[in-house]
Amino acid sequence: MEQVKCLIIGSGPAGYTAAIYAARAGLAPVVIEGIQPGGQLTTTTEIDNFPGYPDGVDANEMMEDIRRQAQRFGADIRSGIVTKVDFSHRPFAIEMDGKPAFEADAVIIATGASAKYLGLDSEKKFRGMGVSACATCDGFFYRKKVVAVVGGGDTACEEASYLASLCSKVYMIVRRNELRATKAMQEKVLSTDNIEILWECQTREVLGDASGVNGVRLVRKNGEVFDVAVDGFFLAIGHHPNSDVFKEWIETDEQGYIVTKPGTTATSVEGVFAAGDVMDSRYRQAVVAAGSGCKAAMDLEKYLKK
């Protein structure tokens, strides 16, 4: 197996930023890009809220910029998927694509979290063309427009409230006859004039054309099918942290997010660090992930020096 000082698993803003800092520290990091090089950010179109791009930037272009920056300092970026790890002893053993691949002195996990989708073909068709799983990321593009939010929990209420401050109308598509959100969040939504809740409804199809989403087809509990005209369709039914392969060895919370020691990126295993959305259930923003990638690389450097 190949011997490495620093192995970074994941290639979104957290993974690539960690690679920049680790490479500049002379740690010769190897980055395993995973199933989605560039991370979940590459599933959207334009990024308007990342510092340094005053006119906005294409998401894939931005991630390629960060990737090249990591390579410029000597990061070794590899294609592949980590399928198994053994954190019971150091150096840590890592399998890639089902085969033994690395022994690493220290590891940064930056595998992100995947938004939960409904699984509709039409949803996939219009992803990045009106279908989004991040209101904070994409809400700006729907100023004074009509949008729909799927979900009835705290996240959905937060997303709907945020969008209501930008959009002319927000429909909440709720499959039950009640919200699952906390009482405070429920009251906020119910008291917002431009939020309308469509109770006991489920999405049958996202409607649109070559220019993107223009509606959604719903079905009520009683079987009635009807269409609602919208410009954007937001999913707010949760995220799944990509931590399954590590759960045998490191502590995670009830949702599967990796638990880090307060004020650091250190996990429950000495020498293993976590950065980005795989350990952040709250913010899930590219700039926050990049910052945590920086912290993970600095924590790892300090650990190796010890």
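The values are calculated or read from the model by the stated rules, or taken from the named source; none is laboratory data. Quantities reported herein were computed from a predicted structural model and do not represent experimental measurements. Cβ sites come from the backbone with ideal geometry, for glycine too, and all protein chains shown count toward neighbours.
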Practice task
Out of V170, V146, V174, report the one residue that is surrounded by 14 or more Cβ atoms within 10 Å (Cβ to Cβ), of a type in the set (A, V, I, L, M, F, W, C), touching a Lys or Arg at 6+ places or on another chain (Cβ under 7 Å) and not assigned by TED's automatic domain parsing to the domain that holds V287.
Solution key: V146
Handout entry: Extreme residue, surrounded by the most Cβ atoms within 10 Å (Cβ to Cβ), among residues of the range 93-111 that are within 19 Å of M298 (Cα to Cα) and hydrophobic (A, V, I, L, M, F, W, C)
Key = A110
Practice task
Kindly list the number of the only condition in (1) surrounded by fewer than 14 Cβ atoms within 10 Å (Cβ to Cβ); (2) without any contact (Cβ under 8 Å) to a residue 40 or more places away in the chain that fails for T42.
Solution key: (1)
Problem - Members of the range 106-117 found to be within 21 Å of the chain's Cα centre (by Cα) and either at positive phi or not charged (D, E, K, R) (or both), listed by number - result: V107, I108, I109, A110, T111, G112, A113, S114, A115, Y117
Exercise for the section: List the number of the failed condition for G256; all other conditions in (1) in a loop (DSSP other than H, G, I, E, B); (2) in contact (Cβ under 8 Å) with a residue 60 or more places away in the chain hold. Expected result: (2)
Practice task
Assess whether V216 counts as being in the same structural domain as G151 (by TED's automatic domain parsing), without any contact (Cβ under 8 Å) to a residue 40 or more places away in the chain, outside any loop (DSSP other than H, G, I, E, B) and over 23 Å from the mean Cα position of the chain (by Cα).
Solution key: no
Exercise for the section: Would you mind finding the one in E103, E159, E95 that is under 17 Å from the mean Cα position of the chain (by Cα) and either over 23 Å from C294 (Cβ atoms) or assigned to a strand (DSSP E or B) (or both)? Expected result: E159
Handout entry: Any chance V189 is closer than 23 Å to R284 by Cα, part of a strand (DSSP E or B) and free of Cβ contacts under 8 Å to residues at least 60 places away in the same chain
Key = no
Practice task
Looking for whichever is modelled with pLDDT under 95 and surrounded by 14 or more Cβ atoms within 10 Å (Cβ to Cβ) here; the options are S114, S122. Which one fits?
Solution key: S114
Practice task
Please verify whether the range 228-239 includes one or more residues that are free of Cβ contacts under 8 Å to residues at least 60 places away in the same chain and part of a loop (DSSP other than H, G, I, E, B).
Solution key: no
Practice task
For D193, state whether it is surrounded by fewer than 15 Cβ atoms within 10 Å (Cβ to Cβ) and among the charged types (D, E, K, R).
Solution key: yes
Practice task
Go through the range 118-144 and give me each residue that's under 18 Å from the mean Cα position of the chain (by Cα), without any contact (Cβ under 8 Å) to a residue 12 or more places away in the chain and part of a helix (DSSP H, G or I).
Solution key: K124
Practice task
Those residues that are part of a helix (DSSP H, G or I) and crowded, with 17+ Cβ neighbours inside 10 Å, I need them from the range 259-287; list them, please.
Solution key: G276, D277, V278, A286
Fill in the blank from the handout: Checked G80, G38 against criteria (in contact with a helix residue (DSSP H, G or I) (Cβ under 6 Å, 6 or more places away or on another chain), farther than 14 Å from C6 by Cα and in a loop (DSSP other than H, G, I, E, B)); the one match is G38
Exercise for the section: Can you tell me which residue among V225, V259, V288, V230 is assigned by TED's automatic domain parsing to the domain that holds I8, closer than 30 Å to V146 by Cα and among the β-branched types (V, I, T)? Expected result: V288
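Okay, residues lined up against (1) buried (at least 22 other Cβ atoms within 10 Å of the Cβ); (2) outside the structural domain of K295 (by TED's automatic domain parsing); (3) over 16 Å from A275 (Cα atoms):
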{"site": "Y16", "(1), (2), (3)": "yes, no, no"}
{"site": "A23", "(1), (2), (3)": "yes, no, yes"}
{"site": "P29", "(1), (2), (3)": "yes, no, no"}
{"site": "I35", "(1), (2), (3)": "no, no, yes"}
{"site": "N49", "(1), (2), (3)": "no, no, yes"}
{"site": "V57", "(1), (2), (3)": "no, no, yes"}
{"site": "E64", "(1), (2), (3)": "no, no, yes"}
{"site": "Q69", "(1), (2), (3)": "no, no, yes"}
{"site": "A75", "(1), (2), (3)": "yes, no, yes"}
Exercise for the section: Can you run down the residue pairs with Cβ atoms below 6 Å, 6 or more apart or on separate chains, where the first is in the range 263-278 and assigned by TED's automatic domain parsing to the domain that holds D105 and the partner is part of a loop (DSSP other than H, G, I, E, B) and among the acidic types (D, E)? Expected result: S268/E251
